[in-house]
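Written below as structure tokens is the structure these notes are about.
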Amino acid sequence: MVRCDIIQAIGEGRMLRLKDIMSRDVLTFDENLSVRDAMQSLVSHHMSGAPVVSGDHVVGVISTTDLLEFAAGLPGAPIDRPEERDTASDGDVSDGLDEDENLSSFFLDSWDDRGADSVTRIAAVNGSEYDMLEQYTVSESMTRAPICSLPSHAPVTEAAEYMGRAAVHRILVVDNGRIVGIVTASDVARAAAEGKLGKWP
């Protein structure tokens, strides 16, 4: 269904502007939100990114790419083994070893999961292991500059050129320092497909 503001723009014979196609209900993250909570929020909202704010001021943008790159660079977190080896009550780790086993291989086998990969760390939300992603905030993983933004009166064609030049998928719509909406590449593509870019006679 064509939105009323787009119909109005056509009726007025004017160039389509960001305010005509932008989403006004913008998901934002506080800069102190944990990386895990940011991931879960993006997944639950079916979004690939969101602006990060401190008060009313936009301080950055966080995307799923930012979060995955950050998580992949974290050191391995210890994950509990499903089965734990029994040791003798007197603390002698050599008890129970086969004759052809040696102490070095015993310890290496016991510790072979001490460096879990990022997928395991993200998935392991239960258990006694510590959650690495809760220890870091969005401010540590977001993109700070440049923040790609335009005013609401900017033409949609300008936003399309901006996205292509900066290789980004979204433009923040900012008026007087405050975020008022967001325009994604999908919004621009939809407007182009419907023949609504440029000027009407």
Does any residue in the stretch 130-156 that is on the phi < 0 side of the Ramachandran plot and touching a residue at least 12 places away in the same chain (Cβ under 8 Å) come within less than 6 Å, Cβ to Cβ, of a residue that is acidic (Asp, Glu) and part of a loop (DSSP other than H, G, I, E, B) six or more places away or on a different chain, and which pairs are these?
138/31; 139/31
Result of the Cβ filter at 9 Å on the stretch 170-191, keeping first residues that are more than 10 Å from residue 23 (Cα to Cα) and partners that are surrounded by fewer than 24 Cβ atoms within 10 Å (Cβ to Cβ) and of a type in the set (Phe, Trp, Tyr), at least 6 apart or interchain, is 171/162
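Coordinate-derived values only; no laboratory data. Fair warning: this is a prediction, and the values are worked out from it, not measured in the lab. For neighbour counting, all protein chains shown are included, and Cβ atoms are generated from backbone atoms with ideal geometry for every residue, glycine included.
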